[in-house]
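J.: Input: one structure, supplied below.
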Amino acid sequence: APEAIPIKFSEKQQSSHYLYVREHKVREGTKSPWPPKRTLFVLNVPPYCTEECLLRLLSPCGPVQSVELQEKPELAESPKEPPSKFFHPKPVPGFQVAYVLFQKPGSVSAALALKGPLLVSTESHPVRSGVLKWIRDYTDSVPDPEALRVEVDAFMETYDRKIAEEEAKAKEEEGVPDEEDWVKVTRRGRRPVLPRTEAASLRVLERERRKRARKELLNFYAWQHRETKMEHIAQLRKKFEEDKQRIELMRAQRKFRPY
Amino acid sequence: MRTERGLNSSSLKWLMARKRRRPCLPPLGSYSPLPPTGMRSWNHHYMQEALKSPKCQVMESALEGTGKEGKKESLKKRKMAGSPGEGLLQPVKLSRAELYKEPTNEELSRLRETESLFHSSLLRLQVEELLKEVRLSEKKKERIDAFLREVNQRIMRVPSTPETELTNQAWLPDGVQVPIHQVPYTVKGRFHFLPPAQVTVVGSYLLGTCIRPDINVDVALTIPREILQDKDGLNQRYFRKRALYLAHVAHHLAKDPLFGSVRFSYTNGCHLKPSLLLRPHGKDERLVTVRLHPCPPPDFFRPCRLLPSKSNVRSAWYQGQSPSGDGSPEPPTPHYNTWLLQDTALESHVQLLSAVLGSASGLKDGVALLKVWLRQRELDKGLGGFSGFLVSMVVAFLVSTRKIHTTMSGYQVLRSTLQFLASTDLTVNGISLCFSSDPSLPALADFHQAFPVVFLDSSGRLNLCADITTSTYHQVQHEARLSMALLDSKADDGFQLLLMTPKPMIRAFDHIVHLRPLSRLQAACHRLKLWPELQDLGGDYVSAALGPLTTLLEQGLGSRVQLLAHSRPPVSEWDISQEPPKHRDPGVLTLGLLLRPEGLTSVLELGPEADQPEAADFRQFWGSRSELRRFQDGAIREAVVWEAASMAQKRLIPHQVVTHLLALHADIPDTCVHYTGGLLDALIQGLKETSSTGEEALAAAVRCYDDLSRLLWGLDGLPLTVSAVQGAHPVLRYTEVFPPTPVRPAHSFYEQLRERASLLPRPDKPCPAYVEPMTVVCHLEGSGQWPQDAEAIRRVRAAFQLRLAELLTQQHGLPCRATATHTDVLKDGFVFRIRVAYQREPQILKETRSPAGMISLRDTPASLRLERDTRQLPLLTSALHGLQQQHPAFSGVARLAKRWVRAQLLGGELTDESLDLVAAALFLHPEPFSPPSSPQVGFLRFLFLISTFDWKNNPLIVNLNNELTVEEQVEIRSVFLATRAKLPVMVIVTPQDRKSSVWTQDGPSPQILHQLVILAAEALPVLEKQLMDPRGPGDIRTVFRPPLDMYDVLIRLAPRHIPRHRQAVDSPAASFCRGLLSEPGPSSLMPVLGYDPPQLYLAQLREAFGHLALFFYDQHGGEVIGVLWKPTSFQPQPFKVSNTKGRIVVSQGGEPVMVPNVEAILEDFAILGEGLVQAVEARSERWTV
């Protein structure tokens, strides 16, 4: 079982939450962005505890390289680009998990031995909550249009370059057979073909079906007549069964008592 | 961990809550505690039970843990009930062999019959079920017959009395009072009692058309000829004898132990004609009521004396004066004559009916259905009601004129009769069952002169509709027309709406007027000079005044009302030892007004030109309110102008009209007129707006939006031009509870961020006023230049947002603020949030590439959200905007409904749009009512709909713009049944959203819906009672206050940081300054937008503790957040990485398990809401281990 470290918002609180900590481990063969020996895995981080806070609280155990708070434990490796603050604003935090990467392996065991209780907000490092926090959040959310513009331009420039490269590459490969002599047919060729989408193939099938239906003769043979009639009766029977069920239900709910 | 009760997982019947009692007992042994007393705790209990099971499907779990016996038992029960899945409809699965087997002759003929006689098999089955329910069973009939035989014997044994003068009533024993008002008392004549010459059963019991619940058997007692004298028909002498006759019978029967109760009543409310009610003793007391009607021997009265033009009450006698001898003719007494005739015709009527209905079971069914129809509409009761007898006679008439055939089914009889009632006008062209061409018979025209509605019986002398007023008849016509429209629309649930939905007055009429006390009507009769009528009606001033008063008001209200109906004085019963009730005893006369929305917009009553002769009439009619006015076309006319500026006031003009006319013409002062029409308006009025219910403010915001969209269309310099601007905010569909007002911020109240032209809230001040930007979606012209990558599209959109802000500021000087997703614009004090949309973006978000390289479209959460916000929401908004133009009351109804749901703290669980759609359904599918024209009646129907709709088995189809055909609706229903399990609990279908019910996808949960249903079912009767109380409604906000005792924790908030504090149901006397100016100041700074601390707090709470508890709050100024723990999450769990959130490890039986860390969480509530939270009250100890 993991170690439990009590954590409180400040001195004033009576009872505390518990951080459940253990050394970060990964299964054989899986890759993890955090090196196993030096990373502390923390569960149940309270919503008011920020990354800076955790860094401050754990630095007595040894120098901390990075702290990352996440909603859920991350199993696979993910691309680590810093998310844009304009396009991916931080969600409202709940209880989170944290990966704390120390500079030295020994710090992990020191952290596991912490007794606490840890205090999130102290006089020297007050943490804002409630009204003060919301006012600060609101202030932060008032955007700077210039910064946004710069970011958008930079992104689009990279994007355009990427697209241009891809196109150039596609053009180069156009009509060139691969090693098994297959030629890739694209929409750009001289005779454009249907795009390979589900909708397009459904459309083709539908057109075929309609063509066939047009040629069919209805109520031509005697057996067709018979079948249509039978179909009608079957429909009525089905409806009748449905209705009976409905009535049964309504009766159970006493829906037939007009008083 | 849990309490005893908590550990049982009892079956959850979340939608059967309408019935207060437990819907169905779970298997024996699984449930021990008694249901707590009192509704509130009952709810709580229910909700707790409900919360234990996350989905409604877990009903199965009720069976777990109980013995096998229980399981068997309940299985058997279910089989018997035959409904699989516990009250949930399932798609029918019939095998091929079953579907396609050869039909038998019997089956074929039944199928054919169904097709030709009923319009669907469902309707047929429903009708059959209903008839089974209202029909008298054979067993009961036998018991009733036995009782009748007993009654007959007892009556024949009543002893005779010696002859006395009529006025000498000393022979009557103590303990019985004469059941008639003997005014004037003196009547010459002699009376003695002899047992009846004949005792005959008459009426619907014999015909087999009497329906439950109140089974009455009418028995006619033929008074022996020896008791009666010549000219008994004159001056009420027959009626006096009749009453004495009954009194004597009553006295003797009351002593008999056979009877549980012996009481008097008035026959059809006519106070000259008492009848005696006998009920059996003991457990059969409710089985039957036998009504004894004395009647004269056959041919006793000379018919020619009883023509409507004859007088049988002498003024000299009635007014107690000696004959004046001035030769003025006696006034005719048509009603008096009719009452005499009615007694003579009892037997002939029953003979006629039995000859017609005889063995035709379809006709009998039809009459029974018609009676149910009348009963649901409250048309059949009281003096002058359209009784079941009358409707039987109408059927007889239709049979005689071949409009109904004896082979018709009950449903067809119902339909044909309604068709007849809807399409004929008996006030102009009366009908007659008499086909003889005897020249001595009076002409129909004679009857039309004496009565408003004419329908003669087979004798040609008796008007069956004599007591019916024009208003009542019009009401019947109106109902018949509505019902015909419903039947023609082929609605799926026509049966339910036509025959099973009650239409009480308060829910059927837009406005209600109570006149109280009734004694005022006596003065009114004198003022209206109704002396001949009083003489005719034996002094019944209520009946006498009813006709003239309704005519007066109808004339005055004119085009403002569609229909004016009045309540009929109820038929009272009284003990034989009591005096008969007086005319004023019902206490109140209630009028119902069905408004005509198009007539309500005018404040002017245009009269004739001043020099026309009609001008004098106009002046006389309107009295001092009429004044000469010159109009724009130069005409000088008489006119009445009412004071009304806002829509709410215009809706209440009828109030002014009614009080004015009643005071002017009938001497009824306004203290006697209690008008119920705008009592709920206060709940949707803004703080300073006491004269308007917000329609004007909403219209102003919409006008500003229209201006803005014109600016956007004409914008120069955007790379792509704007192709469409669509509103997507409740304000823009007129359903925002409190409409926005132009913001004029006082800068000193705020922090100023000059470089971004914005105002910021200040920590040392109270929370500033709440300003919600109105969302507007802006579509651009199509272009192939857009990138085809989701991330890149977002960047390009952001670039558009920036450019939009720049251009609007440059070209129109509007303060703007752009973010990556929207641009906020401040225009005339309103703030709009413009979101640029790219049509193909949802599609790009949906694209997934299969390994084979095929691109297919799959919905993702992001694509669904985007589609909802940029496509479906604007469509809905414009459709509802259109609805408001058609039905001006829509706004009020939708806002009251939303207000109520939010006040019950459930606003967070139901989306705005879903509530708007439910409100829209009241207008688009009003059957069996007509669309509401006042917020009050609409709100009542909202509560009724919410509390009675079977959400489990039906989608609520809201046919906006009438786009769905009947076939499509059938298709929708069957798809619904097939996919029920995958759909949300509350399914609302619109033409734009036929399958997925987008607005209820994320809630409510079954538990919340169940709670809503219960609350609505509780609120409706309370509110209706308040509104129907003629002494005034009391505290109209009662039903808006939420019950708080069900919550586990209450978080009290500080009003200082609640920006909408003043919107609270009980608006605080004082609140804080919110940084607004009353005068517009020069402001180019963006006000604080969408800053609402309670909402921010709730978002944090839900994110952090949503897995452990539910949070309830009223966003309109609520001062308290209700917290309900989720019992499921309080079950101890083993330690797992995924469920540590907010929990603590404890040892249970030596095993470490995790439970919620409640003490720390309660402290977290205070920490997260520092400054906002005043106190955290834990009210239950249920979480303790």
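J.: Residues in segment B:1093-1111 that are out of contact with any helix residue (DSSP H, G or I) (no Cβ under 9 Å at 6 or more places or on another chain), more than 7 Å from chain A (Cβ to nearest Cβ) and not small (Gly, Ala, Ser): how many?
T.: The qualifying residues number 3.
J.: Still on this structure: If the requirement is being assigned to a helix (DSSP H, G or I), facing another protein chain (nearest Cβ under 8 Å) and over 21 Å from residue B:974 (Cβ atoms), which of these qualifies: A:212, A:246, A:251? Step through it out loud before you land on a result.
T.: Details: A:212 fails: facing another protein chain (nearest Cβ under 8 Å); A:246 fails: over 21 Å from residue B:974 (Cβ atoms).
Result: A:251 is the single residue among A:212, A:246, A:251 that is assigned to a helix (DSSP H, G or I), facing another protein chain (nearest Cβ under 8 Å) and over 21 Å from residue B:974 (Cβ atoms).
J.: (1) away from chain B (no Cβ under 14 Å); (2) over 20 Å from residue B:115 (Cβ atoms); (3) assigned to a helix (DSSP H, G or I): which one isn't true of residue A:225, the others all being true?
T.: So residue A:225 meets the others, but not (2).
J.: Quick one: would you say residue B:530 is modelled with pLDDT of 90 or more and among the aliphatic types (A, V, I, L, M)?
T.: Answer is no for this residue.
J.: Here is a follow-up. Scan the strands (runs of 3 or more DSSP E) fully inside segment B:1083-1159 and keep the ones with 3 or more residues being of a type in the set (A, V, I, L, M).
T.: B:1120-1125, B:1143-1148, B:1151-1156
J.: Using the structure shown, decide if residue A:239 is surrounded by 14 or more Cβ atoms within 10 Å (Cβ to Cβ) and modelled with pLDDT of 80 or more.
T.: So residue A:239 passes the test.
J.: Do we have residue A:231 as surrounded by fewer than 10 Cβ atoms within 10 Å (Cβ to Cβ) and acidic (Asp, Glu) here? Working first, answer last.
T.: Numbers: surrounded by fewer than 10 Cβ atoms within 10 Å (Cβ to Cβ): no; acidic (Asp, Glu): yes.
For residue A:231, the condition - surrounded by fewer than 10 Cβ atoms within 10 Å (Cβ to Cβ) and acidic (Asp, Glu) - is not met.
J.: Across segment B:939-965, what is the total count of residues that are at pLDDT 95 or above and small (Gly, Ala, Ser)?
T.: Of the residues in segment B:939-965, 0 are at pLDDT 95 or above and small (Gly, Ala, Ser).
J.: Here's a follow-up. Restricting the search to segment B:480-503, which residues are touching a helix residue (DSSP H, G or I) at 6+ places or on another chain (Cβ under 7 Å), assigned to a helix (DSSP H, G or I) and within 14 Å of another protein chain (Cβ to nearest Cβ)?
T.: B:494, B:495, B:497, B:498, B:499
J.: Of the residues in segment B:533-583, how many are part of a helix (DSSP H, G or I), over 29 Å from the mean Cα position of the chain (by Cα) and under 22 Å from residue B:662 (Cβ atoms)?
T.: 6
J.: Moving on. Which condition number does residue B:436 fail, the rest of (1) more than 22 Å from the chain's Cα centre (by Cα); (2) buried (at least 20 other Cβ atoms within 10 Å of the Cβ) being met?
T.: Here residue B:436 meets the rest and fails (2).
J.: Quick one: is residue A:178 of a type in the set (Asp, Glu) and within 12 Å of chain B (Cβ to nearest Cβ)?
T.: Spelling it out, it is not the case that residue A:178 is of a type in the set (Asp, Glu) and within 12 Å of chain B (Cβ to nearest Cβ).
J.: Need at least 2 residues that are modelled with pLDDT under 90 and in contact with a strand residue (DSSP E or B) (Cβ under 8 Å, 6 or more places away or on another chain) per element, so show me which strands (runs of 3 or more DSSP E) inside segment B:771-872 make the cut, counting only ones lying wholly within it.
T.: Of the strands (runs of 3 or more DSSP E) lying wholly inside segment B:771-872, those with at least 2 residues that are modelled with pLDDT under 90 and in contact with a strand residue (DSSP E or B) (Cβ under 8 Å, 6 or more places away or on another chain) span B:847-849, B:855-857.
J.: Further question: Just one of B:1151, B:1159, B:1103, B:1119 is modelled with pLDDT under 85 and either of a type in the set (Asp, Glu) or in contact with a Cys (Cβ under 9 Å, 6 or more places away or on another chain) (or both); which is it?
T.: B:1151
J.: Please enumerate the residues belonging to segment A:24-57 that are more than 29 Å from residue A:124 (Cα to Cα), within 14 Å of another protein chain (Cβ to nearest Cβ) and in contact with a helix residue (DSSP H, G or I) (Cβ under 9 Å, 6 or more places away or on another chain).
T.: A:24
J.: Between a residue in segment B:974-995 that is farther than 23 Å from residue B:961 by Cβ and any residue that is of a type in the set (A, V, I, L, M, F, W, C) and in a helix (DSSP H, G or I), which pairs come within a Cβ distance under 6 Å, given they are 6 or more apart or on different chains?
T.: If the second residue must be of a type in the set (A, V, I, L, M, F, W, C) and in a helix (DSSP H, G or I), the pairs left are B:985/B:1009.
J.: Here is a follow-up. What pairs come out if I take residues in segment B:783-800 that are on the phi > 0 side of the Ramachandran plot and pair them with residues that are outside any helix (DSSP H, G or I) whose C-beta lies under 9 Å away, six or more apart or interchain?
T.: Listed by first residue and then by second, the contacts come to nothing, as the list is empty.
J.: Confirm whether residue B:970 is assigned to a helix (DSSP H, G or I), in contact (Cβ under 8 Å) with a residue 40 or more places away in the chain and within 18 Å of residue B:494 (Cβ to Cβ).
T.: Spelling it out, residue B:970 is indeed assigned to a helix (DSSP H, G or I), in contact (Cβ under 8 Å) with a residue 40 or more places away in the chain and within 18 Å of residue B:494 (Cβ to Cβ).
J.: Exactly one of (1) closer than 30 Å to residue A:258 by Cβ; (2) hydrophobic (A, V, I, L, M, F, W, C); (3) surrounded by 13 or more Cβ atoms within 10 Å (Cβ to Cβ) is unmet by residue B:166. Its number?
T.: (1)
J.: What single numbered condition from (1) under 16 Å from residue B:1104 (Cα atoms); (2) touching a residue at least 40 places away in the same chain (Cβ under 8 Å); (3) within 46 Å of the chain's Cα centre (by Cα); (4) away from every other protein chain (no Cβ under 11 Å) fails to hold for residue B:1155?
T.: (3)
J.: Failed condition for residue B:617, given (1) outside any loop (DSSP other than H, G, I, E, B); (2) in contact (Cβ under 8 Å) with a residue 24 or more places away in the chain, with all others met?
T.: (2)
J.: Determine which single condition residue B:1040 fails, assuming it passes every other condition in (1) more than 14 Å from every other protein chain (Cβ to nearest Cβ); (2) closer than 27 Å to residue B:682 by Cβ; (3) modelled with pLDDT under 90.
T.: Looking at each condition in turn, residue B:1040 falls short on (3).
J.: If you don't mind, another one. Just one of the numbered conditions (1) over 30 Å from residue B:145 (Cβ atoms); (2) modelled with pLDDT under 90 is not true of residue B:340; which one?
T.: (2)
The values are calculated or read from the model by the stated rules, or taken from the named source; none is laboratory data. On a predicted model such as this, the values are computed, not experimentally measured, just so you know. All Cβ positions, glycine included, derive from the backbone under ideal geometry; neighbour counts span all protein chains shown.
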